[in-house]
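In what follows, a structure is listed as structure tokens, so that the remarks can point back to it.
The values are calculated or read from the model by the stated rules, or taken from the named source; none is laboratory data. What you see is a predicted model; the values in this text were computed from it and never measured. Every residue, glycine among them, receives a Cβ derived from its backbone with ideal geometry; neighbour counts consider all protein chains shown. When the accessible area is computed, the model is the full protein with side chains, heavy atoms only, and any ligands, DNA or RNA have been set aside. Shrake-Rupley method; radii C 1.70, N 1.55, O 1.52, S 1.80 Å.
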Amino acid sequence: MDLESIASAIRICKLCSLHKNRNNTVPGSGNSRSEVMLIGEAPGANEDKQGLPFVGEAGKFLDALLGTIGLKREDVFITNAVKCRPLNNRDPIEKEVQICTRAYLLDQIKLIQPKLIVTLGRHAMKIFFPQIRAISDVRGKAYKKGQQVYLILFHPAVALYQQRMKTVLQDDFKKIPTILKQIDLLKESK
Ligand code: URA
């Protein structure tokens, strides 16, 4: 199995009803050997049109955030909790996220083996930490679950119209290089 075969399976997926209204699936894009994997919520209209994740306004801000820590989108792997656009940009329902995660996201993670998974927004967080209620309680700190390290962040879209949230996300993003270094140190000390 490789990332392209997962993407091919996603392109013909009919496991949930989201396939009925999509123009394109959005399997994910970026570096298959990346240390960092970012997981958003769901494709929006622009993503559905282009078949690529985070290509709209929130995506532009995400690119800027990556830029502040010297990364380009080709350096990371970006995907979403669900790979098809929910109609009218409604939130994905739990069942849709569950189906898509079990069918595709877990395999993507297994293949990429990222040092760090960054969840963007509530839906991606809930996949790994269903018991956590509010992002504000946990954001910006690294969490280890099993062998995997996670960083829980707000979704970049919430920062588009709120300067305060923009600053929060910028500050949290700046922690990524330090967290990656800490993960290396932990591994070396074993
Ligand atoms: N918001 C997301 O969560 N994902 C995208 O791909 C675009 C916007």
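Side notes on the structure shown:
- Qualifying residue in the range 143-160 (condition: away from the ligand (no atom under 15 Å from the Cβ), farther than 24 Å from Ile69 by Cβ and not in a helix (DSSP H, G or I)): yes
- When Tyr104 is tested against (1) away from the ligand (no atom under 16 Å from the Cβ); (2) hydroxyl-bearing (Ser, Thr, Tyr); (3) surrounded by 14 or more Cβ atoms within 10 Å (Cβ to Cβ); (4) outside any strand (DSSP E or B), exactly one condition is not met: (1).
- Neighbours by Cβ (under 8 Å, 6+ apart or cross-chain): first from the range 26-54, touching a residue at least 12 places away in the same chain (Cβ under 8 Å); second within 11 Å of the ligand (Cβ to nearest atom) and acidic (Asp, Glu): Val26/Glu47; Val26/Asp48; Glu41/Asp91; Ala42/Asp91; Pro53/Glu47; Phe54/Glu47
- Residue in the range 176-188 that is open to solvent by less than 70 Å² (accessible area, probe 1.4 Å), away from the ligand (no atom under 16 Å from the Cβ), hydrophobic (A, V, I, L, M, F, W, C) and over 27 Å from Lys60 (Cβ atoms) present: yes
- Of all residues making up the range 75-99, the number that are over 13 Å from the mean Cα position of the chain (by Cα), part of a helix (DSSP H, G or I) and farther than 20 Å from Thr178 by Cα: 8
- Some residue of the range 75-92 being surrounded by fewer than 17 Cβ atoms within 10 Å (Cβ to Cβ), modelled with pLDDT of 95 or more, acidic (Asp, Glu) and in contact with a Leu (Cβ under 8 Å, 6 or more places away or on another chain): yes
- Taking the conditions (1) free of Cβ contacts under 8 Å to residues at least 60 places away in the same chain; (2) open to solvent by 30 Å² or more (accessible area, probe 1.4 Å); (3) more than 12 Å from the ligand (Cβ to nearest atom); (4) farther than 19 Å from Ala9 by Cβ in turn, Phe129 satisfies each one other than (2).
- When residues of the range 10-28 are limited to those that are surrounded by fewer than 19 Cβ atoms within 10 Å (Cβ to Cβ) and within 19 Å of the chain's Cα centre (by Cα), the one farthest from the ligand (Cβ to nearest atom): Arg11
- In the set (1) touching a Gly at 6+ places or on another chain (Cβ under 8 Å); (2) part of a loop (DSSP other than H, G, I, E, B), the condition left unmet by Ser32 is number (1).
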